[in-house]
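Asks: First the structure, which I've put down as structure tokens, then a few questions once you've had a look.
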């Protein structure tokens with residue numbers, strides 16, 4: 001986000017992070033996903049308010065307490081927003097916030113070696129692979 005904001009030369013951005021190292025084996029190993037999401041050392045421990053549509057239940061909302069934030073504790077998963085959900089944002093009044101408008105930003109972000117060129121990005125800062133890629 002900071003890189004995107006600084007494309008405007010009139011804007012100055014300071015990026016601050018809080019947290020310890022993200023070099024723990026439990027953060028680096030995707031199959032250890034449940035460990036950083038449940039330990040205070042790695043997770044802020046946020047919970048939602050009671051959700052009326054879920055019978056009053058509260059939901060665990062893991063947020064990373066290490067350098068890299070929540071991206072460091074998500075099991076190395078990269079998932080774009082669902083096209084239907086993004087289109088609903090515009091239908092709810094967020095003009096210009098729809099899948100077609102946001103696709104170019106996803107493509108700028110990604111560096112992939114699979115998928116259709118019209119769908120995936122090739123030169124972005126975030127490497128995106130699939131289950132066939134070696135770690």
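A short reminder: the numbers here are calculations on the coordinates, not readings from a lab. The shown structure was predicted, so the numbers you read here are calculated from the model rather than taken from an experiment. Neighbour counts run over all protein chains shown; Cβ positions are idealised from the backbone, glycine included.
Asks: Two decimals, Cα atoms only, Kirkwood Rh: what is Rg/Rh over region 1-58?
Replies: Reported Rg/Rh, Kirkwood definition of Rh: 1.17.
Asks: So, one more: Could you tell me whether region 19-93 comes out rounded, prolate or oblate from its Cα gyration tensor? Rule is a ≥ b ≥ c as square roots of the eigenvalues, rounded for a/c under 1.5, then prolate if a/b exceeds b/c, otherwise oblate.
Replies: The shape class here is oblate.
Asks: Can you give the FRET efficiency for residue 94 and residue 5, using 1/(1 + (r/R0)^6), R0 = 22 Å, r = Cβ-Cβ distance, to the nearest 0.05? Numbers along the way, then the final one.
Replies: Numbers: r = 19 Å, r/R0 = 0.87.
Efficiency for this residue pair is about 0.70.
Asks: A further question follows. Between 85, 40, 22, where does the largest GNM mean-square fluctuation fall for the chain, given springs only between Cα atoms within less than 10 Å?
Replies: In this elastic network of the chain, the residue with the biggest mean-square fluctuation among 85, 40, 22 is 85.
Asks: Moving on to the next point. Which entry in (i) 1.00; (ii) 0.94; (iii) 0.97 is this structure's computed Rg/Rh (Cα atoms, Kirkwood Rh)?
Replies: Computed from these coordinates, Rg/Rh (Cα atoms, Kirkwood Rh) corresponds to label (i).
Asks: Now, a different point. Could you tell me the relative contact order of the chain? Use alpha-carbon pairs under 8 Å, at least six residues apart, and round to a whole percent.
Replies: Here the relative contact order equals 15 percent.
Asks: Let me ask another. Could the peptides 93-104, 46-57 be put in order, highest first, of the mean number of other beta-carbon atoms found within 10 Å of their residues?
Replies: In descending order of packing, they fall as 93-104, 46-57.
Asks: In nanometres, what is the gap between the two model label sites at residue 59 and residue 76, each 7 Å from Cα along Cα-to-Cβ?
Replies: My value for the distance between the label points is 2.7 nm.
Asks: If I take every Cα pair under 8 Å that is 6 or more residues apart in region 1-77, average their sequence separation and divide by the length, what percent do I get for the relative contact order? Could you put the intermediate results ahead of the total?
Replies: Details: 107 pairs, mean separation 23.8, N = 77.
That works out to 31 percent.
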